[in-house]
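Just below is one structure, and these are the notes that go with it.
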Amino acid sequence: MGDLTFRGGVHPEQRKELTAGKPFFPLRPEGELVFLTNQHIGKPAEPVVAKGDYVLAGQRIAQASGFVSANIVSSVSGTVKAVEPRPTAAGGMAQAIVIVPDGKDTLAQGIGQPTDYKRLSNQEILDRVKNAGIVGMGGAGFPTHVKLTVKEPEKIRYVIANGAECEPYITCDDQLMRSHPAEIAEGLEILLRLFPQARGVVCIENNKPQAIAAMENACRGHEKISVLPLKTKYPQGGERALISVVAGRHLRLGMLPADAGCVVDNVATVRAVYRAVCFNEPLMERGVTVSGDSVENPGNFWVKIGTGSQELVDACGGWKEGLEPEKILSGGPMMGIALSGLDVPVCKNNNAITALPVDPVAEEPVTACLRCGRCNRVCPLGLSPQLMQVAAQRRDYERYEKRLFGLECIACGCCSYICPAKRPLMQLFKVTKAEIMAAKKK
Amino acid sequence: MRELLHLSSAPHDRGSLSTKTVMRDVLLALLPTAVLGIWAHGWYAGFIMLVSIAAAVVTEYLFNLATKRGNTIGDASAVVTGLLLALTLPAQVPVYVPVLGAVFAILVVKCLFGGLGHNIMNPALAGRSFLLISFGASMTGYTLDGVSAATPLAEAAAGRSVDVVAMALGNTSGVIGSSALGLLAGGIYLLLSRGITWEIPTATIGSAAAFLALFGGHGLDPAYLVPQLLGGGLLMAAFFMATDPVTGPSTTKGQLLYGALTGVLIGLFRVKGNAADSTTYAVLLANLFGNLIDELFIPVPYGFRIPKEFKKAIPKPVSILLVITLIAGAVLSGVYVTTSDRIARNSERANQAAYRSVVPGAESFRSLELAQETAGTTQIQKVLAGLDGSGQTLGYAIAVHNSQSYDGGLTLVVGILPDGTVTGIHFTELHETAGMGMRCGEPEFTRQFENVNVPAFALGKGTAGGHGTIDSVAGATVSSTAVVDAVNAALAYFAANLK
C-alpha cells in the first residue's frame, strides 16, 4: 500500500537538504527582544509591564484579553525598554514590549518544577496550557487552550500531531521529532487525557524517514498512539488534508476540526504542552529554520521568542557573496509572508526565515489564462479556480460564493503554483474573500 | 543586502510549467508528423509549413503593434496555430492559401476575439474551414506524387481496400499531416508529458469508433473501421485539435462529454455527409459548446449543494442554443427534402439536353461502364452511347470533370462520333470569373471544337479553328486550358476504350 494522501496538491521543489539533520543551535540574543502583542490569532494581549520594569525569564508580560487570546511571557531576564508599536511580518505595526536582556536568563519562580500530569485534573491541564501562552506553532498561531476546550470532549476520535511539514525548505519540526520524540509522545498522551475516546496519530510526510523512525521508537509503549507516514505532497500538512486522511472526513467552511471529531496540533505545540504541563514551563523558545540559497550557512536554531530576525541571519554568517536575497520570507515559499526587512522579531508561530536570491514570482510574466484546467486538478478542495478567477474579475460575487463555493478556498496556493500562465490566482481569491466578507458585515 | 526586497502574496514559488513550455511540448509532439509529411509529400510541404508559421507569427506581431498591446508572439502559440494549419492542408496548395488561412486564423479568429485564451473556435481549424469555403478546388485536390487520387478514407468508404502501412506513414493522398503513426506518437508524448489529459482523446476516438461501427453500415469490419480511425484527421482532432484547452472544457467530466460530442459529430458527418472535411466542422461545432459544457460540471465540494436559483440558471443558455439549433436544422433539412427531388430532376434534364446537343439525332442514350483508370486532374464521370431508333450507335457523349480550372472545377460533355470526330462540347458545370473565364461557355469559344477530327486539341493564338488549335479566351488562359485538357481527356478515353 502506498502512503496515504489527499486529492489534488502539488509537488514544489523540497530543498530540505539545505538544513535537514542539522541540530538546533542555541542562539543567545545580544540585542533587544521584541514581543509583539498580536502574535496569535484573536485579540492582542494586554501588556502588564511598563517601561523600566525588571522582568525575569518566564514572567508574564502581557495578559490574554479575551477568550480567543493568549498570554505572553518574557523569554529572558532584563529591563523593559519600551512598550510601543513595532513592525510586524505582515507589514503593519503592532503594540510590542521591548526588553533589553541582562544576559543572566534568571528564571521566574516555580518554572521547571517537575509535575506528574496524571495527578492533574483536565481543568488544571488546560489552565497550565493557557498560562504558558501556547499557540499553534505551525504557523497559524491559534491559542491552543481554546482549541482544546471542546464542548463534547468524548466525541473527539483523533488527536493528530502534525509533523507533516510539507512546506519546502523548513526542517525544524523534522529536527524536533528527531531530537525530542519522547517529549512529543508524552505531550500527545497528555492531550489524550482530555479526550478519553480519542486515539493519537503522529502524521509525518514520508520524506522524513529519520523522524518517522524516531517517533515510532518513542511511541512504542504508548498503546493509543501510532505514527502515520504520509505521501510527500503540498499541502499535506494542512488541517483539512490531515483530517481527510486520518478520519476520512471533509471539513467545510465554518466547521472546526472538532466537528469532524479531530483535534490537530503541530508537533512543536504538542511538545510545548508537555513542557508546560510537566515542568510548568511557559512558551519561551522554539526551533527556527533559517534557509534559502542566499544564506551562507543555513541551519536550525533554538531561538528565544522575541529575538530579532537580523540576529538569526547573522548567526548563519550573513548572506552569500553575490547571492544577496531578492526576497525574504517569514516561513516557507508556499505560505510564507514576504518581509520588507529584517526588523521583525521571531514570534511563537514563526517556523522559518527563507531568503531567496531570485524571486520566482518576478521571473516570468503573467500571461493570458489558457483555460487548461490544471488549477482545477490540483485544488485540494475540488474547487474550480479557473472559473472562480473569471467570476472574481467580473465581480460576480454571488456566483463566486454560491455557485463556485469560492469562500471555501483555504489559500494554499496550489493553483498559483501550477498555473502555466503564472496568474496570481490565490492573491485574487484572498482579496475577493476579504471583499465579500467585508460586504457581509455591513 | 539589497535596498529593496520583493513583496508579493504567497505562494513564492512557481511550477516549471509555463505557457511557453506547454506550446513547446505541442510543437515537439507535432514534429514526427511534420517530418513524415515532408518525407511523403516532398520539400514543398515543408515550405508550406514555414510559410504558414511565418504568416501566423507576423500577423500576431503586426496586430499587437497596431493595437498597441504587449507583444505576445513570445508564447509561441501563433507558431502552433501556423503549424497545425499547414498540417491540415493538401501538399500541393498554392503558397497564398496557407498565408491567407494563417492571417484569417490569427487575425479574425484569435486576435479580434481578444487573443490567446479568448478565442471561441480553434484558430487553425477555423482558418482551414475558411480556406475550404474560399478555395474549394485546391483545398480538396488531394494528390500524392503530383497525381490526384482519392483519399484512403474515400477509398474505404467506397468499399475498396486501403494500405494501412501507407496510412500509418502518411504516404497517401491527403493533407500534409496525415501520418497516423506520427500523430499517435505525438499524442502519446503529450499524454506522458501531461500536456493533455486522457479524457478528450479517448472519448473522441471511442465515440467516433462506436458511431461508425453502429451506423457506418459495415459493422465491425476492420477493413472499414481501421482506415476510418487512422485517416480523415480523426487522430489530429483527437490529440491536437479537440484538446486545445482554450476552446474546450476544463472539468474532467466536461472533457469526457465534449470528446464524445466531437466523436459523434465526426461519425455523423462521415456517414451522412462529405467525408473529407467532417473532422474540421465536427471540432468547430463542438468548440461552440466547450465553455457551456463546463457550466454543467462545476465541481461541488463535499457537503455542498447547488442553490436552487443557480440550478435553474444553468441550462438556460444551453437549452436556448439547443432550440435554435434544432429549429435551424429542421428548416434546413425541410428545404433540402422538398427541393432535392426537383434539383435532381432539373439536373438530369439539363444533362439529357447536353447529351442530345452533342450527339444530334440520338433518340436514346445507354450508359456504358467506366474503365477504371483516371489519372491527372481530369476525371471521366460518365460515358453514354447515343442510339438511333434501331439501336445503332450514332456517337458518344463523354462527361469530363476538370478540377484544375480557375474556380471550383468545370464539367463538360464532349460529343464524339464513332470515327473520332468531335461534334461539339456542352458545359454542365462552369463558374469561372464573369467576363473572363465564363466566356469559355460562349459559342465563340465552344464553336472551335465543333466537327474537328484530331487526336488532341492544342491551345494556340491567332489561328483559325478547324486544325485542332483553339484560340484561348483573352485573359482566361487557366480556364481555357482546363477546357482543352478536359476535351483531350475525353478524346484519350475514346481512343483507349471506344475506338
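Summary of values
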read-out	value
Percent breakdown of C-alpha pair distances by 20 Å bin, ordered from the shortest bin, for the protein assembly as shown	12, 33, 25, 16, 9, 4, 0
Computed helical MRE - 222 nm, the protein assembly as shown, DSSP H runs ≥ 4 contributing -39500 (n - 2.57), nearest 500	-12000 deg cm²/dmol
Unit charges at the beta carbon, dipole of the protein assembly as shown: most positive-side option, A:A315, A:P196, B:L225	A:P196
Nearby lysines by direct alpha-carbon distance to B:K499 (threshold 17 angstrom, same-chain neighbours under 8 apart not counted)	B:K382
Cβ-placed point charges (K, R +1; D, E -1), dipole of chain B about Cα centre in debye, nearest 20	1480
Segment A:287-363: C-alpha gyration tensor shape, a/c 1.5 cut-off, then a/b vs b/c	oblate
Peptide A:372-381 - average C-beta neighbours from other chains (10 Å radius)	5
Placed amide H near B:V452: partners under 5 Å, 5+ positions off or other chain	B:V422
Inter-part distance where segment A:43-88 and segment B:153-189 are each reduced to a Cα centre, Å	78
Projected label distance in nm at B:R305 and B:D419, using a 7 Å step from Cα toward the beta-carbon	9.5
Under the Karplus curve 6.51 cos²θ - 1.76 cosθ + 1.60, θ = phi - 60°, whole-Hz ³J(HN,Hα) for segment A:100-105, x wherever Gly or Pro sits	9, x, 9, x, 9, 6
At R0 = 51 Å, FRET efficiency that the Cβ-Cβ distance of B:L50 and A:A438 yields, to 0.05	0.40
Normalised alpha carbon radius of gyration of segment B:361-498 [divisor 2.2 N^0.38 Å]	1.01
J(HN,Hα) series, segment A:392-400, from Karplus relation 6.51 cos²θ - 1.76 cosθ + 1.60, nearest Hz, glycine and proline x	5, 5, 7, 6, 8, 5, 5, 4, 4
15 Å beta-carbon shell around A:A214, net charge (K/R +1, D/E -1)	-3
Theoretical FRET efficiency, 1/(1+(r/R0)^6), r = Cβ-Cβ of A:V431 and A:A213, R0 45 Å, to 0.05	0.55
Distance between segment A:387-442 and segment B:202-216 - C-alpha centres, whole angstrom	40
Over 22 Å (Cα to Cα) - which of A:K440/B:K253; A:K348/A:K430; B:K272/B:K316; B:K20/B:K110; A:K208/A:K233 fall in this group	A:K440/B:K253; A:K348/A:K430; B:K272/B:K316
Amide H within-cut-off set for A:R86, under 5 Å, with H built and near neighbours excluded	A:A94, A:Q95, A:A96
Residue order, fewest to most surrounding Cβ atoms within 10 angstrom, among A:S75, B:S9	B:S9, A:S75
Fraction of beta bridges assigned by DSSP in the protein assembly as shown that are antiparallel (%, nearest 5)	70
Approximate shape of chain B as ellipsoid semi-axes (Cα gyration tensor, √5λ), whole Å, largest first	51, 26, 21
Segment B:52-144: trypsin sites (Lys or Arg not before Pro) falling in loop per DSSP and having at most 12 other Cβ within 10 Å	B:K68, B:R69
Cα gyration tensor shape for segment A:194-243, rounded if a/c is under 1.5, else prolate or oblate	oblate
Tilt relative to chain B, helix B:315-358 - C-alpha long axis, 0 to 90 degrees, to 10	10
Antiparallel content of DSSP bridges confined to chain B, in %, to 5	90
Cα-Cα over 28 Å, subset of A:K81/A:K320; A:K147/A:K304; A:K16/A:K43; A:K130/A:K231	A:K81/A:K320; A:K16/A:K43; A:K130/A:K231
Residue order, fewest to most surrounding Cβ atoms within 10 angstrom, among A:S74, B:S480	B:S480, A:S74
Cα gyration tensor category, rounded, prolate or oblate, for segment A:25-101 with a/c compared to 1.5	prolate
Sorted largest first, extent of segment A:374-441 alpha carbons per principal axis (Å)	34, 19, 19
Rel. contact order, % - alpha carbon contacts under 8 angstrom, at least six apart, chain B	10
Vicinal HN-Hα couplings computed from phi for segment A:131-139 (Karplus, 6.51 cos²θ - 1.76 cosθ + 1.60; Hz; Gly/Pro x)	4, 6, x, 7, 10, x, 8, x, x
Other protein chain Cβ atoms within 10 Å, averaged over every residue that makes up B:237-246	2
Convex hull projection area averaged over all views, segment A:240-297, Cα basis, nm²	7.0
Calculated FRET value between B:L62 and B:L31, using beta carbons and R₀ = 30 Å, to 0.05	0.65
Ranking of A:V270, A:V10 by count of other Cβ atoms within 10 Å, fewest first	A:V10, A:V270
Check: the protein assembly as shown dipole with +1 on Lys, Arg Cβ and -1 on Asp, Glu Cβ, in debye	2720
Net charge dipole size for segment B:19-299 [Lys, Arg +1 and Asp, Glu -1 on Cβ; Debye, nearest 20]	360
Distance in nm between pseudo-label sites at B:Q352 and A:K104 (7 Å out along the Cβ direction from Cα)	12.6
Stokes-Einstein D in µm²/s, Kirkwood radius over Cα pairs - chain A at 25 °C with 0.890 mPa s viscosity	109
Distant-in-sequence amide H partners of B:A76 (H built 1.01 Å from N, under 5 Å)	none
Segment B:19-299: radius of gyration over Cα atoms, expressed as a fraction of 2.2 N^0.38 Å	0.94
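Every number here is computed from the coordinates shown, using simple stated rules; none is lab data. This is a predicted model, so every value here is computed, not measured. We place every Cβ from the backbone using ideal geometry, glycine too, and count neighbours over all the protein chains shown.
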